[in-house]
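Student: Sharing a structure with you now.
The values are calculated or read from the model by the stated rules, or taken from the named source; none is laboratory data. Model, not experiment: these values are computed from the prediction. Neighbour counts are summed over all protein chains in view; Cβ atoms, including those assigned to glycine, are modelled from backbone coordinates with ideal geometry.
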Amino acid sequence: MTHDLRAIAAQLQQAALRAVDPAEAVYKALSRVGDQLLVDSRAYALRNFERVFVVGAGKAALPMADAVCEVLHDRFSGGVIITKYGHVDRTLPDQIRVREAGHPVPDQHSIDATRELVALLKTATPRDLVIAALSGGGSALMTLPADGVSLADLQATTQLLLRAGATIHQINSIRKHLDDIKGGGLARHANDATIITLILSDVIGDDLSVIASGPTVPDPSTFDDAWRVIEDFDLIDQLPASIRQRLLAGKQGKLTDTPKPGNALFERVQTVIIGSNARAALAAEATAKHLKFNTLLLSTSVQGEAREVAKVAAAIAQEIQRYNRPVAKPACVIWGGETTVTLKGSDLGGRPALGGRNQELALAAAIAIDGLPDTLIAALGTDGTDGPTDAAGAIVTGETVGRGRSIGLEAAAYLAANDSYHFFQPLGDLIITGPTGTNVNDLLFVIAA
């Protein structure tokens, strides 16, 4: 049997993205029967609420909010949705204001939009209902710096952590202690209104306190935890003075910490995860099986340095080709998660390096499987964006390194420079989807025929 591995990878990708379509996920979790709003296993009588607000933030917040409005029909009074630049692909009802802002580093539009959202929340009363649609990217897009913290200092801190290779858990433990809307802050601003939070998870393990920095849930992390991250990455001397002073003051007990589990603030909050990386991976697995591949969903909790994770993916591919294990050919191994990249490269060819964690993983994998026949590895971000690029990721085979060399591109040099995008672009091996409207971490496919 002859297999078109690229076509198969495309089918897996499409199946995975369909499974975590944000609007469909909302419709499965939220429905209305007459006066009753049904959410997961709970029912809310809409007649008990004077007003219903729809708020949200994230790369998938717009289609999520659109679906919420469809379910509510005409029973909403207003709202504010914050999404990433370039992710506005539809028009919401006039009562819902849509704002665009910066990601992965917050900008002034992030702050302005969040102030608008908070101003709306502060008009709420215990007789109102707030439906919050949150997805990946919410941490940067919904930003309200604490007193004494400037936008420039927040941006510098975020960049420091990203460049150091900090995980989303580590980054958000710091964000929650520098911001008034994160770590339960949105719930605090809602004046005891009832809150329903619908979440499309982009966090490994679906930790509610980490997704979008947990604006409507208790925060188990502390100022001590935040400071420990700074110490672990040896960033104390590089940290902006205002950030260092605030974290130290909190560590010393001079500032009130974020609201913790057990706080009465959260008694009127229901939180439902409506989509996750596991759902996407399971859909890809089902499609691979339908295509008659021996399939293994290895994990949806993969973390680590992208180029190191790539070595594991390559080792699995080699094991399949040589020994027909852990699954026999034709084989498809799937995993999900989110890797990190520690930036160490420099300009290559007189231009700034460009790439993302999935492209870097793919390039490192290409080097490791150089010459291996009938093998494909694809790494992609489900949101359609990998790092500061227009690519979701990249596809490699045992021929990729040789194809690059034939046009003067040395894979190892581009990997060393963290410049994976400029390696894959001329080869036509970037995965370009455009904004997908969803965001549930990354997927990796190892396919061997």
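Student: Failed condition for I111, given (1) without any contact (Cβ under 8 Å) to a residue 60 or more places away in the chain; (2) assigned to a loop (DSSP other than H, G, I, E, B); (3) farther than 18 Å from T197 by Cα; (4) more than 17 Å from the chain's Cα centre (by Cα), with all others met?
Tutor: It is condition (2) that I111 fails.
Student: Just checking: which of the helices (runs of 4 or more DSSP H) contained wholly in segment 232-343 hold 1 or more residues that are touching a helix residue (DSSP H, G or I) at 6+ places or on another chain (Cβ under 9 Å) and hydroxyl-bearing (S, T, Y)? Spell out how you get there, then give the answer.
Tutor: Details: elements: 241-251, 277-290, 306-323.
Here the list reads 241-251, 277-290.
Student: Among T125, T91, which is without any contact (Cβ under 8 Å) to a residue 24 or more places away in the chain and not in a helix (DSSP H, G or I)? Working first, answer last.
Tutor: Details: T125 fails: without any contact (Cβ under 8 Å) to a residue 24 or more places away in the chain.
Sole residue among the options that is without any contact (Cβ under 8 Å) to a residue 24 or more places away in the chain and not in a helix (DSSP H, G or I): T91.
Student: How about segment 368-380: which of its residues are in contact with a Leu (Cβ under 8 Å, 6 or more places away or on another chain) and either over 13 Å from Q318 (Cβ atoms) or part of a loop (DSSP other than H, G, I, E, B) (or both)?
Tutor: D374, L376, A378, A379, L380 - these are the residues of segment 368-380 that are in contact with a Leu (Cβ under 8 Å, 6 or more places away or on another chain) and either over 13 Å from Q318 (Cβ atoms) or part of a loop (DSSP other than H, G, I, E, B) (or both).
Student: With respect to the numbered conditions (1) without any contact (Cβ under 8 Å) to a residue 12 or more places away in the chain; (2) closer than 27 Å to L151 by Cβ, which one is the sole condition not fulfilled by H290?
Tutor: Condition not satisfied by H290: (2).
Yes/no matrix, rows are residues, columns are (1) within 15 Å of A283 (Cα to Cα); (2) among the basic types (K, R); (3) in the same structural domain as T197 (by TED's automatic domain parsing); (4) surrounded by 13 or more Cβ atoms within 10 Å (Cβ to Cβ):
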residue: A16; (1), (2), (3), (4): yes, no, no, yes
residue: Y27; (1), (2), (3), (4): no, no, yes, yes
residue: L37; (1), (2), (3), (4): no, no, yes, yes
residue: R42; (1), (2), (3), (4): no, yes, yes, no
residue: L46; (1), (2), (3), (4): no, no, yes, yes
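Student: Which of the residues spanning segment 200-224 are without any contact (Cβ under 8 Å) to a residue 60 or more places away in the chain and within 11 Å of the chain's Cα centre (by Cα)?
Tutor: Going residue by residue through segment 200-224, those that are without any contact (Cβ under 8 Å) to a residue 60 or more places away in the chain are 207, 209-210, 214, 217-224.
Scanning segment 200-224 gives a single hit, V210.
Student: Please work out if D347 is more than 19 Å from L430 (Cα to Cα) and surrounded by fewer than 21 Cβ atoms within 10 Å (Cβ to Cβ).
Tutor: Numbers: more than 19 Å from L430 (Cα to Cα): yes; surrounded by fewer than 21 Cβ atoms within 10 Å (Cβ to Cβ): yes.
Yes.
Student: Restricting to segment 130-149, give me the number of residues that are surrounded by fewer than 24 Cβ atoms within 10 Å (Cβ to Cβ) and modelled with pLDDT under 95.
Tutor: Within segment 130-149, the subset surrounded by fewer than 24 Cβ atoms within 10 Å (Cβ to Cβ) is 144-149.
Filter again for modelled with pLDDT under 95, leaving 147-148.
The number of residues fulfilling the criteria is 2.
Student: Find the residue count for segment 246-277, including only residues that are crowded, with 20+ Cβ neighbours inside 10 Å and in contact with a Gly (Cβ under 8 Å, 6 or more places away or on another chain).
Tutor: The qualifying residues number 3.
Results for (1) farther than 22 Å from K59 by Cα; (2) surrounded by fewer than 24 Cβ atoms within 10 Å (Cβ to Cβ), shown as yes or no for each residue.
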site	(1), (2)
Q159	no, yes
K182	no, no
D192	yes, yes
S201	no, no
A212	no, no
T216	no, no
L239	yes, yes
R244	yes, yes
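Student: Can you tell me which residue within segment 408-449, out of those that are assigned to a loop (DSSP other than H, G, I, E, B) and within 15 Å of A365 (Cα to Cα), is farthest from the chain's Cα centre (by Cα)? Walk me through it before giving the result.
Tutor: Taking segment 408-449 as the starting set, the residues that turn out to be assigned to a loop (DSSP other than H, G, I, E, B) are 408-410, 417-419, 428-429, 432-441, 449.
Narrowing further to those that are within 15 Å of A365 (Cα to Cα): 410, 418-419, 429.
On the way: E410: 31, N418: 21, D419: 22, D429: 23 Å.
Here the answer is E410.
Student: Looking at T123, T91, can you tell me which residue is modelled with pLDDT under 95 and among the β-branched types (V, I, T)?
Tutor: On the way: T123 fails: modelled with pLDDT under 95.
Within the list T123, T91, the selection yields T91.
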